[in-house]
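The structure appears below as structure tokens.
Values in this text are rule-based calculations from the coordinates and carry no lab data. It should be emphasised that the depicted structure is a prediction, and the values quoted were computed from it without experimental measurement. In this analysis, Cβ positions are derived from the backbone assuming ideal geometry, glycine residues included, and neighbour counts consider all displayed protein chains.
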Amino acid sequence: MSCLIFMVFLLLKVARSDAIQSNFSFYGLLQLEAGNVFSFSTTFVFAVPSADLSDGSRFSFIISPSKGTPGISPSNGARSLNNSNDGNSSNDMIALELNRIVANSQYGSSPDLVLKKGDPIQIWVEYNSTDNRVRLTVYPVSTLRPSVPLLTLIQDLSSYMYEYMYVGFSSFTETSSTSHYILAWNFKTNGEAEDIQASRLPKLPKGAEGNGGYRNIKKILAIVLSLSAATFVLVLIFGAILVSRKRRSREVLEDWEVQYGPHKFTYKELFAATKGFKDRELLGKGGFGRVYRGLLLASNMQIAVKRVAHDSNQGMREFVAEIATIGRLRHPNLVRLLGYCRHKLELFLVYDYMPNGSLDKYLYGQPKSTLNWGMRYKILKDVAAALFYLHQQWAQVVIHRDIKASNVLIDGEMNGKLGDFGLAKLVDHGTDPQTSVLAGTLGYIAPELARTGKASTSTDLYAFGVFMLEVVCGRRPLDPRAPADRVLLVEWVLNSWERGDLLEVVDGRLQNNYAADEAELALKLGLCCSHAVAAARPSMFSMVQYLNGVSRLPDNLSDIIKARDFTGSSGATSSVVPQNMLISSLTFSASLVTEGR
């Protein structure tokens, strides 16, 4: 069983001295494996030198699916373990409010628990996934650890855990100059964290042990207000104007926003992150709007912000579709949606930032440098895994409807990630796809989609097949400047195979530095997927098996691919395909690695 361990001795100030301020500090990334039992143990030492623990401030231990959690206060955005329920099913964070526990008598008291202002306090938070109990132990550092926890909660946390989680702290102050200092912190999953040595704790900074200056400011403010009634009236009027403007600019929370639940960013945060949506931060422009690079100031996290175009014909409709799908999808080869923002009539989607941009930049935008063969083949397998998840592994069938090189993004480790779900369509398992407005990109649209307007997993397979040929050949599906027999990429590859020279279509920039067997396999699979007859195309499960060398292609593959349509006794084209001509109906045989083709 894997585990995560880290130990930190530091002096971290979690809250500032401004009125009504919140701040967050996160450390480490928990990568949880599906099916594993997840328990954790953590201990940390903190001090609150400038105010007592019941002054209205909040200090919480947090487990969150993201580092960027702006706008969260104790009243929203987190599932508090020591509160009954905030009534919001969309909360993704788990928070343990420590001030309320040690200051509120409803949790009981201990004769040995005497917490003085400025004294370091050690806390243990332990969760056992076997009995679903959260145990909290609180005591001054100068005393021994009690044998009995101060508080024991029964709460199953497994349903709130995603594949990737961050741990850390948050603070929230309302009226005072309260500061929370973290002096040391140990954390371990699936085991007990190591105890903290009091001798190694850092000292609090000078001037942090009193708040007399703040009290003097309050006295001066009270005198000024009492002597200047006119000023007080002006302040009230000015405050009323600000509140009125804030209410007018506040977006109404729609029902679908509560239902889908991704994190909502403020327009102010995104405006600051993108430096006012300046052109120098522009990453690209697509059919549904512009995409900007951004940096969240609160968490120092890079993001990509899609600003949906004003002239988008289906702006809100596509926006809701993205919220409904990406917000709930979790896969290593899908671009993750972090949240969204609605400001007046503008729509914004916030994604993970992909530092290496889109795949088409490497295929067409850099003539002097290109992806080597290993990278290309790895990206093909990455996109296949993402489509397999969308088509067959998630609770509902997700039809992407716009698979192409520009919608495949490359992360910092050169992994391929499928993005841009602006055309994504949900279809319940076992139901027929509903006719909709034709969507997609010319060259990737399956023949039956052009005829009927019905999107399906099979039309996604067609686009993926064209995409595979595009990656191997290094050219676009349609090239009007090419010779007549090479204008259509699919037809060019098929003709080359019929002439017995299939590998002549491989991108010349590779200079023959590629695995011939993998290139031949990718080209044949691309032709299989881009077959004119939908029933003759394989499933994404089969594609993953073939690309990973688990299954061997059928012996009559050439006959299947070259028969671009099937005719019945009347001579009319038919979608009823003989069983021996279906790739998807074939039984998997020995590995390609051991037998070849």
Revision key, fill the gap. Sorted by chain and number, the residues with a modelled amide H under 5 Å from that of L283, at a separation of 5 or more or across chains, are V291, Y292, R293
Study note, to complete from the structure: Counting only residues 5 or more apart in sequence or on a different chain, those whose built amide H sits under 5 Å from that of S66 are Y166
Point to revise | Links that overshoot a 22 Å alpha carbon limit, given the list K268/K344; K378/K454; K378/K417; K454/K562; K278/K306 | key: K378/K454; K454/K562
Revision key, fill the gap. Env charge @ N356, Cβ radius under 11 Å, K,R +1 / D,E -1, value 0
Exercise for review: Return the sequence-ordered ³J(HN,Hα) values of the range 122-136 in whole Hz as given by the Karplus equation 6.51 cos²θ - 1.76 cosθ + 1.60 applied to θ = phi - 60°, using x for Gly and Pro.
Suggested key: 9, 10, 10, 10, 10, 10, 10, 6, 6, 9, 6, 10, 9, 10, 10
Exercise for review: Quick one: which residues, 5 or more positions from V134 or on another chain, have an amide H under 5 Å from its amide H? H modelled 1.01 Å from N in the peptide plane, none for Pro or chain starts.
Suggested key: L153, I154, Q155
Study note, to complete from the structure: If the chain between A240 and Q396 were fully extended at 0.36 nm per residue, the gain over the current Cα-Cα distance would be 51.3 nm
Point to revise | Phi-based couplings in Hz for the range 527-536 (Karplus 6.51, -1.76, 1.60; Gly and Pro marked x) | key: 5, 4, 5, 8, 4, 5, 9, 4, 5, 8
**Study point:** Sequence of D507, D360, D420, D485 once ranked by neighbouring C-beta atoms within 10 Å, starting from the fewest
**Key:** D485, D360, D507, D420
Practice item. Can you figure out the FRET efficiency of I223 with N356, using R₀ = 45 Å and their beta-carbon distance, to the nearest 0.05? Key: 0.15
Point to revise | ³J(HN,Hα), Karplus 6.51/-1.76/1.60, whole Hz, each residue of the range 400-407, x for Gly, Pro | key: 6, 6, 8, 7, 6, 4, 6, 9
Exercise for review: Compute the relative contact order of the range 442-545 as a whole-number percentage, counting only Cα pairs closer than 8 Å that sit 6 or more residues apart in sequence.
Suggested key: 34 percent
Point to revise | Exposure proxy order (Cβ contacts within 10 Å, fewest to most) of C341, C529 | key: C341, C529
Revision key, fill the gap. Semi-axes in Å, largest first, for the range 470-563 (Cα gyration tensor, √(5λ)) are 22, 17, 12
